[in-house]
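Read the structure below first, then the notes.
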Amino acid sequence: MLGTYFYHQIIRKTIIGFGTLFNDIHIKHKNESDGIISDMKVPLGYGPMQKFLAKVQQQEKLDQPIAITLPRMSFEMTSLKYDGSRKSGITQSFKASDKNGRINKVYLPVPYNIGFQLSLLSKLNDDSLQVVEQILPFFQPSFNITVDLIDAIGEKRDIPIVLDSIDFQDDYEGDFSSRRSLIYTFNFTAKTYLFGPLEDSTDSLIRKAQVDLYNTTDIQLHQIQLMHNLMMILDSMNLGKIFSIQENIVQHNNKISNKLCQRILIPLIRHST
C-alpha cells in the first residue's frame, strides 16, 4: 500500500474550514449618543502569534507613521494526533461512485485530531471583548463544520471543532509612549478523518434487492397472510372453492401452525396433480 500516490487535501481543507469560521468578525466604535463612528473587520492571517507580536514590538513607538493594525487575529495548526476513541474496523469498506460513474472501493477512514491555536491581539480591552463575545457563544463546547473530504466521490462529513481552553495575557511594558498589546489565546481541536487511496471495484455489486414487507410482527396474522397468498395460487389451479372452506376454518382457529398449513395444502396440491 505504501508508495501508492494519493492526495485528498483533507488536512488542508480542514485548516481552511477552521479559518473560515473567524474571517468575518467586526468591531464597532460608538460615540456618546450611541452612534456608530467606525465599523472595522478584524484581519485574520495564518501564522504564529509570535510573528505578529514581534512586529508590534518593533513598532512600539506610537509616533511611527505606519504601524500594524490592531486588533488582529492569527491562527495556526499546532498538533496532529491519532484518536483511538473513534476507531472503526480497519478492514471495513464501502463502495462509492465518482463523477465519471466508476465504482470505487473505499476503506473506512482513520480518526485524527488536529490542534489549532487562535490568537487575538488588541490594543483596547473593549475591542478584545467584542471579538471574544462573538466567538464563545457558538462553542458549547463544539461547533460542527461540513468539509468535503473527498471531492471525487462526494464524501462530506461534519467535523466537530472543540474549544479546549482560553488564555489571557496583558503584554504591557515600558512608558506611556509604548504600544500596549492584549493577547487572547484560544485552543481548539478539530476531530477529522483521513482516507486512504481509492481502488477501482466492479465486483460483488448489489444490483437488485427484493424485500418482503409485513405490516405486523404477529405470527398468527403472518400465517393468515401466507394462507391468502397460497389461496391465490390454488385459485389458478381451480381449487379455490375447496380451499375457501378450509380457509374459513383456519381464520377462526386461534392456534395456527405450519403443520396445519401442511395438512390443508399438501393434500390439495397432491389431489390437483
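Every number here is computed from the coordinates shown, using simple stated rules; none is lab data. What you are looking at is a predicted structure, and each value in this text was computed from that prediction instead of being measured. Quick reminder, even Gly has a Cβ in these numbers, built from the backbone with ideal geometry, and neighbours come from all protein chains shown.
Listing for the model above:
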read-out	value
Of Lys81/Lys156; Lys105/Lys156; Lys99/Lys191; Lys81/Lys105; Lys41/Lys81; Lys41/Lys123, those spanning more than 23 Å from alpha-carbon to alpha-carbon	Lys99/Lys191; Lys81/Lys105; Lys41/Lys81
Exposure proxy order (Cβ contacts within 10 Å, fewest to most) of Val132, Val211	Val211, Val132
Hz values of 3J(HN,Hα) by residue in region 95-100 - Karplus curve (6.51, -1.76, 1.60), Gly and Pro given as x	10, 8, 9, 8, 5, 8
Under the Karplus curve 6.51 cos²θ - 1.76 cosθ + 1.60, θ = phi - 60°, whole-Hz ³J(HN,Hα) for region 112-125, x wherever Gly or Pro sits	9, 9, 9, x, 10, 10, 10, 10, 10, 10, 8, 9, 10, 5
